[in-house]
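What follows is a short report on a single structure.
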Amino acid sequence: MNTKRTNLNASLRRHAFAAAVVMLVFVWMTSAKAQLRSAPRSGPVGSWRVIGTTEAGFQADHDGIVVHGFNDFRRIKFKVTGAPLNLQRLVVTYESGTPERIEVRHNIPEGGESRQIDLPGSGRRRIRRIDFWYDTKGLLKGRAHVTVLGMK
């Protein structure tokens, strides 16, 4: 009887350990996705350039894009494909470390774009990071592909 109980306890410990490893890998992958890096290309003044792209899933409600290279924009906007998205707010962190919280509250339909969001201090403040919070609206439609665009 003790042998059965010992084997059962060892089996339960192995299963618990395996479940913990799977959970840690899942958490690591989710957080790694939220730290996308981008290096926008320069272009003529007044043109829109891709800052970064991410996939908004049902597990997360927040994503961030780290901006390298050409990062002096006066306006940004979001383009959504694949499923609708409810963009709630964003935080733009500038090179100096100063964050700017911007309330957006905009429902973006599948294939649509947000309004143009003006960034104060353009020409003097370089963007280091853009974090945004959202709700996915298309649970049955799939994931929303979100592209962040910037204008010099």
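Rounded to the nearest 20, the size of the Cβ-charge dipole of the range 46-110 about its Cα centre is 260 debye, with Lys and Arg at +1 and Asp and Glu at -1. I want the local charge near I127. Using Cβ-Cβ distances under 9 Å, sum +1 for each Lys or Arg and -1 for each Asp or Glu among the other residues. For residues surrounding I127, the net value is +2.
Estimated at 0.36 nm per residue, the fully extended path between T147 and R126 surpasses their Cα-Cα distance by 5.6 nm. Ranked by the mean number of other Cβ atoms within 10 Å of their residues, highest first, the peptides 73-82, 93-102 fall in the order 73-82, 93-102.
All of the numbers you see were taken from the coordinates with simple rules; none came from a lab. For clarity, every value in this text was computed on a predicted model and none was experimentally measured. As a convention, Cβ positions derive from the backbone with ideal geometry for all residues, glycine included, and neighbour counts pool all protein chains shown.
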